[in-house]
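For reference, the structure is listed below as structure tokens.
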Amino acid sequence: MVVLTMKKLINSPESLVRDALEGMAAAHSDLIRVHFDPDFVVRSDAPVHGKVSLVSGGGSGHEPLHGGFVGRGMLHAACPGAIFTSPVPDQMLAATKAVDGGAGVLHIVKNYTGDIMNFEMAAELAQAEGIEIASVVINDDVAVQDSLYTAGRRGVGATVLVEKICGAAAEAGMSLAEVKRIGEKVNAAARSMGMALTSCTVPAAGKPTFELGPAEMEIGIGIHGEPGRKRLPLASAHDILGMLAGAVLDDLPFERGDEVLAFVNGMGGTPLIELYIVYNELVKVCAARGITLSRNLVGSYITSLEMAGTSLTLMKLDDELRRLWDEPVHTAALTWGM
Amino acid sequence: MRITTDYVIQFLDTVAARIKEQRAYLTELDSPIGDADHGTNLDRGFSAVVAKLPTVADKDIGTILKTTGMTLVSTVGGSSGPLYGTAFLRAGTVLSDRYDLADEDLVAALEAALAGIMMRGKAQPGEKTMIDTLAPAIDALKSARAGGADLVTAVREATVAAELGMQATIPMLATKGRASYLGERSIGHQDPGATSAYLMITVLGEVVEQIAAKASS
């Protein structure tokens, strides 16, 4: 018998990714299929002939990212790694071959060293087999300040926006170069910052990734429990949102008169009622700064296991991005317009 | 010195055993500045390599090393998988169709492996990575050879340089990989990748000593 030393709804740390994928396949058999060894989630109608296909992937533990965004108007395939560990090139190559409809494949990659290297190797292997590959690297996390001396800004909330908007662009029949351009435009127009009220426990490790006292919070966390900018005493939603919004708004910068999409994300262990409180604080900040919130997404879409906390992503909108955002989407985690 | 296929297999088997022994230590080093999985991930990868070796044991050294590289890429994940995987793939490419190696071939394979790691990781010495072990080790090996040392002596000097290189990562500021997000907090910790690279260099040294002992007995 497996002895579990942490409170999690799992059978064993070894089987959890596979168990979850099997459950996902059973729950969403109308939208997706799951291929095992190598593991990837793929649209049930793949390959879509004559259109660009999108493949993303990353460590597991961020659900619904990425598998929950596979479906019409978003991703064609997603490769889940072990918890918080990049998937391997075999998965990315197999997924790329499964979705290639002849118009090329865009890899959507979050800026983490492991993800970058594994996707690079997969792209080299796919190109050697004659598939046209382009990639977009997401690096929207303003919490990483000194990017000259680090692996660079991490890919966080903007990933969801890139996947949605590039998915609409691919569905509309845009070329690989155009879909890549749109992805880079979204990444350039978006900035994010997150915070944690609690740590999270990677099942294989069995203990929290970092220790946070009962009256402390960490501002500027990544999505794997990486350290943030600073540790502070617990504060109100008003003050927390003020810190996140200040850092995000000043970085791009977002200015008076800008029209933006706001994405208030839960880190996995935060109830929706708290996310609406955060959104309400954002509405006040934007009103005071003369920024128009014209689109929003509120919910837990890019998570860090059971971590409590939130992240804020803002993206400057123009006609092209707004139109693509509004296009229909039908995936396990995001559905509208169809 | 003549290095045959059997010794290449012995090197890989011994590296796998050493990684398994040191798994907890490597993971512990990876806790303060990484995500506490270096030992676990490498052990998984090299165990897969050991399982695969019997299928290529009668092939050329290039094929054996390329199979090792592909297996590591497929099973390790994270960034160590592509880095060590690329290293073995590049070494294997240099040694294609060879069933035994002379001293210069070993040096050429090590240089190709290091160049592969630097290309894949876009990294240079001094950034608190496995390169800080491997670059000084290969430099020491080459300069000892240039000075007329035999391979056993040259590899001993390489092992000493590798150990010093590994220890030199302790005061370094990490500027690559996940450790870099820690900034100044990365200082004071020995790099886990530099440590696993040191283990591999020590195993190489042991195998070279054995070949020399056998030749003189």
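Here, each number is a calculation from the coordinates, and none is a lab measurement. From a predicted model like this one, the values you see are computed outputs, not experimental measurements. Counting neighbours? That spans all protein chains shown, and the Cβs are built from the backbone with ideal geometry, glycine included.
Run through the DSSP bridge list for chain A and note the antiparallel percent, rounded to the nearest 5. Counting only bridges with both partners in chain A, antiparallel ones make up about 55 percent. At the listed q of 0.07, 0.16 Å⁻¹, the Debye profile of chain B, built from one uniform point per Cα, gives log10 I(q)/I(0) equal to -0.19, -1.05. Simple point charges give the picture: +1 on the Cβ of Lys and Arg, -1 on the Cβ of Asp and Glu, and for segment A:214-338 a dipole about the Cα centre of about 160 debye. Amide H to amide H, with H built 1.01 Å from N, A:Ile83 comes under 5 Å of A:Ser60, counting only residues 5 or more places away or on other chains.
In a simple Cβ point-charge model (Lys, Arg +1; Asp, Glu -1; nothing else charged), chain B has a dipole of about 440 debye relative to its Cα centre.
The convex hull built on the alpha-carbon positions of segment A:17-189 has an orientation-averaged projected area of 9.0 nm².
Across the cross-link table entries B:Lys20/B:Lys122; A:Lys164/B:Lys52; A:Lys207/B:Lys176; A:Lys97/A:Lys207; A:Lys185/A:Lys207; A:Lys207/A:Lys230, which are compared at the Cα atoms, the separations over 30 Å belong to A:Lys164/B:Lys52; A:Lys97/A:Lys207; A:Lys185/A:Lys207.
Close amide H partners of A:Ile302, meaning residues 5 or more places away or on another chain with modelled amide H under 5 Å apart, are A:Gly266. In terms of surrounding Cβ atoms within a 10 Å radius of their Cβ, A:Val202, A:Val48, A:Val162, A:Val283 rank from fewest to most as A:Val283, A:Val48, A:Val202, A:Val162. The angle separating the long axis of helix B:103-121 from the principal Cα axis of greatest extent in chain B is about 30 degrees. Along the axis of the charge dipole computed for chain A (Cβ charges of +1 for Lys and Arg, -1 for Asp and Glu, origin at the Cα centre), the listed residues A:Ala237, A:Gly299, A:Met6 are led at the positive end by A:Ala237.
Estimated from the Cβ-Cβ distance and a Förster radius of 45 angstrom, the FRET efficiency linking B:Gln167 and B:Ser47 is about 0.95.
In segment B:3-216, a dipole from Cβ-located charges (positive for Lys and Arg, negative for Asp and Glu) runs towards its positive end, and of B:Pro82, B:Ala162, B:Leu110 it is B:Pro82 whose Cα lies farthest in that direction. Each of B:Ile211, B:Ile3, A:Ile10, A:Ile223 has some number of other Cβ atoms within 10 Å of its Cβ, and from fewest to most they run A:Ile10, B:Ile211, B:Ile3, A:Ile223.
Going from the residue with the fewest nearby Cβ atoms within 10 Å to the one with the most, A:His35, A:His107, A:His66 rank A:His35, A:His107, A:His66.
Measuring gaps between exposed loop sites in chain A (GluC sites (Glu not before Pro); DSSP loop; at most 16 other Cβ atoms within 10 Å), the longest gap, sites not included, is A:15-128.
Once the mean of 1/r is taken over each pair of separate Cα atoms and inverted, the protein assembly as shown shows a Kirkwood hydrodynamic radius of 24.5 Å. Using Cβ point charges alone (K and R +1, D and E -1), the dipole size of segment B:1-77 about the Cα centre works out to roughly 260 debye.
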